[in-house]
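Values in this text are rule-based calculations from the coordinates and carry no lab data. All figures in this text were calculated on a predicted structure; none of them were measured in a lab. Methodologically, a virtual Cβ is constructed for each residue, glycine included, from the backbone with ideal geometry; neighbour enumeration extends over all protein chains shown.
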């Protein structure tokens, strides 16, 4: 039987999710009948926006190329293990294992409304098979993608993690984490601990958005460009019957995540 990783945290999260998100979400039968309103400029149809990868692209001589990743977005680990560059400028391997936390293990931070079966371990070894580190990750429904990429100081790769942070129906979206490995715990490089890379547009599930990240070629630390895609059903309205297509001038289709050396974090610009 599944148990909550932190019962009190899960209960609070479920209540907050139910009362703050669910009443504003829309299903298809709430659309206006016989509506002929076209989608706003720049919007795509809802079936063109996916919350699955690829998420990260890097510049190669032939153009932009999706980076290799460990993918568990469909509940089946793919591309596992994967190569990762270590801080001594050699290549090692990274492998993910689903395993519940055992007595005495440090599985903090408990930042996910997750069950015990949402517990994963990231194992990093050098070329000789010697353990470099074991890092714990919570991911609701086991829904995550992990991409190694060199972003900041040193030759070693950081980890970009896209995960489902909380259980819920519908899910809140996908959260972005950036980890610098080393020591017993990874160092989180995102200033915003709840930075979403995909979610619902104006709180309605008949319209969703996602960002795609493009790693810049400049010398390290490397910026990340976020390019937004928004999809919607025709005549998408909220529970009160109001159109979701409002505040369109405030949409930021392109943003930058810049690494602040002084703060040791990525900040959105």
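Counting alpha carbon pairs within less than 8 Å and at least 6 residues apart, what relative contact order, in whole percent, applies to the range 221-269?
So the answer I get is 41 percent.
Quickly rank 52-58, 171-177 as a protection proxy: mean count of other C-beta atoms within 10 Å, highest first.
Descending packing order for the listed peptides: 171-177, 52-58.
Whole angstrom only: what separates the Cα centroid of the range 111-143 from the Cα centroid of the range 220-269?
Each part's Cα centre sits 28 Å from the other's.
Once the Cα atoms of helix 7-20 and of the chain are each reduced to a long axis, what angle between those two axes, in degrees from 0 to 90 to the nearest 10, is obtained?
30
Can you show me the helix-derived [θ] at 222 nm for the chain, built from DSSP H runs with n ≥ 4 at -39,500 (n - 2.57) apiece and divided by the number of residues, rounded to the nearest 500.
Rounded to the nearest 500, the figure is -1500 deg cm²/dmol.
Please label the shape of the range 185-224 as rounded, prolate or oblate, based on the square roots a ≥ b ≥ c of the eigenvalues of the alpha-carbon gyration tensor (a/c under 1.5 means rounded; beyond that, a/b larger than b/c means prolate, else oblate).
oblate
How would you classify the range 96-248 from its alpha-carbon gyration tensor, with a ≥ b ≥ c the square roots of the eigenvalues: rounded for a/c under 1.5, else prolate if a/b is greater than b/c, otherwise oblate?
Judged from the Cα gyration tensor, the range 96-248 comes out oblate (a/c at least 1.5, b/c at or above a/b).
Given R₀ = 25 Å, what would the calculated FRET efficiency be for residue 105 paired with residue 194, taking r from the Cβ atoms and rounding to 0.05?
0.50
Determine the relative contact order of the range 52-115: mean sequence separation of Cα pairs under 8 Å and six or more apart, normalised by residue count, in whole percent.
16
Along Cα→Cβ, 7 Å out, is where each label goes; now give me the distance between the ones at residue 248 and residue 41 in nm to one decimal.
Each label point lies 7 Å from its Cα, and together they span 0.8 nm.
With r defined as the distance between the Cβ atoms of residue 234 and residue 68 and R0 fixed at 45 Å, what FRET efficiency is calculated, to the nearest 0.05?
Efficiency at R0 = 45 Å is approximately 0.75.
Residue 50 versus residue 216, label points 7 Å from Cα toward the beta carbon: distance in nm?
2.9
In vacuum, with every alpha carbon of the chain counted as one equal point scatterer, what does the Debye formula give for log10 I(q)/I(0) at q = 0.07, 0.16, 0.17 Å⁻¹? Two decimals, please.
Values, matching the q order: -0.28, -1.31, -1.42.
Please compute the volume of the convex hull spanned by the alpha-carbon atoms of the range 86-133 and report it per residue in Å³.
Roughly 99 Å³ of hull volume per residue.
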